[in-house]
Amino acid sequence: MNKYIFLFAAFLFSTIVYGQTTQKLGYVDSQTILTQLPESIKAQGDLDALTNKWTAQLDSMTQAYQQALADYQKQANTMPDDKKLSAQQKLIAQEQSLIDFRRQKFGQGTGEIYKKQEELFNPVKEKIYKAIEEVAKREGMQFVFDKSGDIILLYADSSFDITYQVLDKLKRGN
C-alpha cells in the first residue's frame, strides 16, 4: 500500500513540476519611446503648436475683455443709464464668448485639444503596440508591462527591458 502511495505522490509531483512552465516577462518604458520616436515627436509638436495658437487667442480675448471692463469702470459714473446697460450687456456677451472659447478648445475631455490629441496619437500608439507585440513574440515573452504607466513595477531585471528593441524596430520600419 505504501508503495502505491509513494508512486502516486511521485507521479503527482512530476506532473505538477512538468506542468509549470517559466514565463518570460518584459517591460518597456513608453515615455522613452514617445520622446524618441519621430512620429510621436512630430505629433507632440503639432499638438503644442495648436495649443499655443489657441492659448494666444484666449490671452488676446482675455486682455480685450479686461480692457473693456476697465474702460467701463472708469466711465460708468458718467454714463447715462441706457448706455450703461448697453455696455454691461456687451461685457456679459464678451465674457460669455471667452468662457465658450475656453470650453470649446480646452474643455476637460470634450475640448478640441483632446480630440486633436487622440487624432494625432492614435496612429502612433497603434504602431508602438504592433512593434511591442512583434518584439515580444520574437523574444518568446508572454507578458510585457509598461513601466511608466499605471502598472507599477517594484523590481525589473534590465535584461528583460525591450524598450530600445521596440524603438529600433519602429525606427527601422520592419
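All of the numbers you see were taken from the coordinates with simple rules; none came from a lab. This is a predicted model, so every value here is computed, not measured. For neighbour counting, all protein chains shown are included, and Cβ atoms are generated from backbone atoms with ideal geometry for every residue, glycine included.
Give, in whole angstrom and from largest to smallest, the semi-axes √(5λ) of the equivalent ellipsoid of the range 21-172, with λ running over the eigenvalues of the Cα gyration tensor.
With the √(5λ) rule applied to the range 21-172, the semi-axes are 54, 14, 12 Å.
Students often forget the sequence filter, so: which aspartates and glutamates lie under 12 Å Cα-Cα from LYS84 once same-chain residues fewer than 8 apart are removed?
List returned: ASP71.
Determine which residues of the range 87-111 fall in the zone a paramagnetic label at GLN73 would reach in this model, i.e. backbone nitrogen under 19 Å from the point 7 Å along Cα→Cβ.
87-96, 98-99
By how many nm would the segment from THR62 to LYS125 lengthen if fully extended, with 0.36 nm per residue of separation less the alpha-carbon distance?
So the chain would gain 19.1 nm between THR62 and LYS125.
With the convex hull built on the Cα atoms of the range 78-152, state its orientation-averaged projected area in nm².
Seen from a random direction, the Cα hull of the range 78-152 projects 8.4 nm² on average.
At 0.36 nm per residue, and after removing the present C-alpha to C-alpha distance, how many nm does the segment from THR55 to LEU91 gain when stretched out fully?
10.9 nm
Summing +1 for each Lys or Arg and -1 for each Asp or Glu, what net charge is found among the other residues whose Cβ lies under 12 Å from the Cβ of GLN88?
Summing Lys and Arg as +1 and Asp and Glu as -1 gives 0.
Straight-line reach only, C-alpha to C-alpha below 19 angstrom: list the aspartates and glutamates that LYS115 could link to, leaving out same-chain residues fewer than 8 apart.
Within the straight-line cut-off, LYS115 pairs with GLU39, ASP46, ASP48, ASP100, GLU126.
Determine the alpha carbon to alpha carbon distance for each of LYS127/LYS171; LYS53/LYS171; LYS147/LYS171; LYS116/LYS147; LYS42/LYS147 and list only those over 19 Å.
LYS53/LYS171; LYS147/LYS171; LYS116/LYS147; LYS42/LYS147
Most exposed first by the Cβ proxy, i.e. fewest other Cβ within 10 Å, how do ASP150, ASP29 rank?
ASP150, ASP29
Gain in length, LEU98 to LYS171, computed as 0.36 nm per residue apart minus the alpha-carbon separation, to one decimal in nm?
This chain segment gains 22.0 nm when fully extended.
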